[in-house]
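Notes for the one structure printed next.
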Amino acid sequence: MKNKVITIKGSLTTLFLLVFITVCGAQERRELNDAVWTVESPDHQTRVTVSINRGQLTYEAGYVKKGKTDQYVELLEQSPLGLYTNEGDFSRNLESAGAPTFSTRKAQYTLRQGKKAHIDTEYTTALFPLKAEGNRHMILELWVGDRKLAFRYLLPMLGECAALVVNGEATGFNLPDEATAFICPQSDALIGWKRTKPSYEEEYVLDVPMGTPSRYGHGWTFPCLFRVGQKGWVEISETGLDGRYCGAHLSEGSQDGMFTIAFPMPEENNGFGSTGAQLGLPGATPWRTVTLAPNLAPIVESTVTWDVVEELYEPSQEYKGGRSTWSWIIWQDESIVYDDQVTFIDLSAKLGWEYCLIDGGWETNIGRERMEQLFAYAKEKGVAPFVWYNSNGGWNDAPQCAKHRMYSPIVRKKEMAWLAKHGVKGIKVDFFAGDKQETIKLYEQILSDANDYGIQVIFHGCTLPRGWERMYPNYAGSEAVLASENLVFTQHSDDMEGQNACLHPFIRNAVGSMEFGGTVLQRNLTRSGKGGRVRIVGDAFELATAIAFQNIVQNFALTPMNLETSPAFEIDFMKQVPTQWQDTKFLDGYPGKYCVLARQAMDGRWYVAVMNADKVSRTLTLNLNLLKGSTKSSQLPNGDATLGKWQMINDGADSKTPSQTSVTADKKGMLKLTVGPQGGAVLF
């Protein structure tokens, strides 16, 4: 295929006009039913085939394996495409409305938070005009980059019809029979504590065969990772979701590997709102994204989540990331009182951290007048507060306050004006419980209003972020994972911490910021440091999560006790660990077993996280030469990150005796190290 280089800019309406002008102006107008088109990435490494066969639109995808003879490796077999709407069925009896248009483009953009700060990408786009029964038109937009692809549906005006409802999608992902899955089940609606699910907080199943039933029978939450035998890996998710559509997930899946897009359950949002999407025309669906590769590096390093979206509004100010204390994670509800919050503000000041999170219950236990005093005290200490809010509304029974202040725009703006007046820099909004369009609109409204007041937003008990780091400049992260609070709630979570931590860089955190709230340095997770749940993984393993888990505002689980009981080198590391990164490199690992991940801070310094989930020691040889070539690394103490010395904190052979030493990679940039059972290491 030869790509014609063109530039298409402007609104969706302009895009539709250009496509149909191209179609109508074609010299040869003929039906292209039973047609096949192949679209390749500019580097010819990724290939997607789109077909129409007997009115069914399908696609398949894979990569080109280089060798003496190039070999195409298919990782997604023929999969269906299409929509079901109240204005027509766009899943069958389709035919081409004219020749597709192709273009090759380059894009550069800056990402405030994520895996990389500066993204430079080249990709191929293809627009396929389609016609359904009743002379209804739709366009399939396909985006193909290096080891990644995305697609969405564009819907023009349908005559005088300017709105429709998307009731469902035929969109599918057909994995080969031999594929195995690393996936998280979609929970029932209105279950869990105080009817706060679904909230993307279920346990993953690992390496399970196709056709494995989910725990609740509702399919699987995004993102979903698949291993296709020795052929490679596939990760499926979605991005570009805003208030114009509902969030989706994957269906149960069949034994032959077919998964389809599934919409929210009727019971979500306490039964209020449609399960479909109310779409104004011209309009577009969110992007479905696929990363596919022979190995895990492109999965971990992929930026497709942000490549295909754009900033929706200008930031009202320069938003800054940083580190934060929060009393609740270890000291729990009883700590949401004035004196304890002073203690944690002081802890942030001692650590040199930027923020302190005041969690749920403050409105009752502290009161607004004393909260203003607390805000003033934090300002004196050079610490900026984040403040917790309940999202409800009418969709959960959670008793924590402040309640009913985020769902109404009138009340919400008044609250945000009060926060901004007193120097609050962020809010954490909890308990959303659903993916209906009604709920997605609320996320967007909170973000937009908060930007007007210079406030960053963290979401908790919430949906997966879908490109929001780029779309909303004051977005500061989402939980959407079985996070650190569960370490306090159940010993099972502590027992599984190693395995789960070695999943997230490959799956959950690979597609969006993850506000985990971890790096626990106490062994016993109580205020006294005695009794309660017991942490299993080593200290250096916990330090490694501060690097491996990416979120621009990190609410770490340190307590005042750590300043006395933890080795000084651990505290020193936490005092200077960054939360904003300009690059990410995957060095080694396997989901749920171990992970070696490097991130480059904004000053150019590299940090390497090593985590071993196995109950036996693991010896690794790290190729640090992969980090060579940083624009600033040659000016740093660790040089090119291949020849200079590194500081290393390692948990030791028993994973209970951490120490800090200097280590040096050999002349080829190789470094051999051993980490203990459920232990870890950090290099910096």
**Asked** Taking segment 175-214 only, how many residues are under 14 Å from Phe259 (Cα atoms) and β-branched (Val, Ile, Thr)?
**Response** 3
**Message:** Among the listed residues Ile119, Ile139, identify the single one that is in contact with a Pro (Cβ under 7 Å, 6 or more places away or on another chain), modelled with pLDDT of 95 or more and among the aliphatic types (A, V, I, L, M).
**Reply:** Ile139
**Request:** Count, please, the residues in segment 344-379 that happen to be crowded, with 17+ Cβ neighbours inside 10 Å and out of contact with any helix residue (DSSP H, G or I) (no Cβ under 7 Å at 6 or more places or on another chain).
**Result:** 11
**Complete:** Considering segment 402-421, residues that are farther than 21 Å from Tyr355 by Cβ and of a type outside the set (D, E, K, R), and then whichever is surrounded by the most Cβ atoms within 10 Å (Cβ to Cβ), we arrive at Tyr407
**Request:** Could you please find all residues in segment 113-166 being out of contact with any Asp or Glu (no Cβ under 7 Å at 6 or more places or on another chain) and in a loop (DSSP other than H, G, I, E, B)?
**Result:** Ala117, Arg147, Pro156, Met157, Gly159, Glu160, Ala162
**Message:** I'd like to know if segment 188-201 contains one or more residues that are part of a strand (DSSP E or B) and either at negative phi or at pLDDT below 95 (or both).
**Reply:** no
**Fill in**
Subset of segment 102-158, residues more than 17 Å from Gly240 (Cα to Cα), acidic (Asp, Glu) and buried (at least 17 other Cβ atoms within 10 Å of the Cβ), comes to Asp146
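State all residues of segment 667-684 that are in a loop (DSSP other than H, G, I, E, B), surrounded by 13 or more Cβ atoms within 10 Å (Cβ to Cβ) and not hydrophobic (A, V, I, L, M, F, W, C); if no residue qualifies, say none.
Restricting attention to segment 667-684, the residues satisfying the condition of being in a loop (DSSP other than H, G, I, E, B) are 667-669, 676-679, 684.
If we keep only those that are surrounded by 13 or more Cβ atoms within 10 Å (Cβ to Cβ) too, we end up with 669, 676-679, 684.
Gly669, Gly676, Pro677, Gln678, Gly679, listed by residue number.
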**Message:** Could you list, ordered by first residue, the pairs with Cβ atoms under 8 Å in which the first is in segment 61-79 and touching a residue at least 40 places away in the same chain (Cβ under 8 Å) and surrounded by fewer than 21 Cβ atoms within 10 Å (Cβ to Cβ) and the second is in a strand (DSSP E or B) and basic (Lys, Arg), at least 6 apart or interchain?
**Reply:** Val73/Lys65
**Request:** Could you grab me the full set of residues in segment 258-273 that are in contact with a helix residue (DSSP H, G or I) (Cβ under 9 Å, 6 or more places away or on another chain) and either modelled with pLDDT of 95 or more or over 28 Å from Trp395 (Cα atoms) (or both)?
**Result:** Pro264, Glu268
**Request:** Can you give me the ranges of the strands (runs of 3 or more DSSP E) entirely in segment 233-303 with at least 3 residues that are over 19 Å from the mean Cα position of the chain (by Cα) and closer than 26 Å to Thr46 by Cα?
**Result:** 258-262
**Request:** Among the residues of segment 605-638, write down those that are crowded, with 17+ Cβ neighbours inside 10 Å, at pLDDT below 95 and of a type in the set (Gly, Ala, Ser).
**Result:** Ser630, Ser633
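Rundown of residues vs (1) of a type outside the set (Gly, Ala, Ser); (2) closer than 30 Å to Asn295 by Cβ, yes/no style:
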residue: Ser528; (1), (2): no, no
residue: Gly531; (1), (2): no, no
residue: Val537; (1), (2): yes, yes
residue: Leu543; (1), (2): yes, yes
residue: Ile547; (1), (2): yes, yes
residue: Pro567; (1), (2): yes, no
residue: Gly604; (1), (2): no, yes
residue: Ala613; (1), (2): no, yes
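The values are calculated or read from the model by the stated rules, or taken from the named source; none is laboratory data. It should be emphasised that the depicted structure is a prediction, and the values quoted were computed from it without experimental measurement. Because the Cβ atoms are built from the backbone with ideal geometry, glycine has one as well, and the counts that use them run over all protein chains shown.
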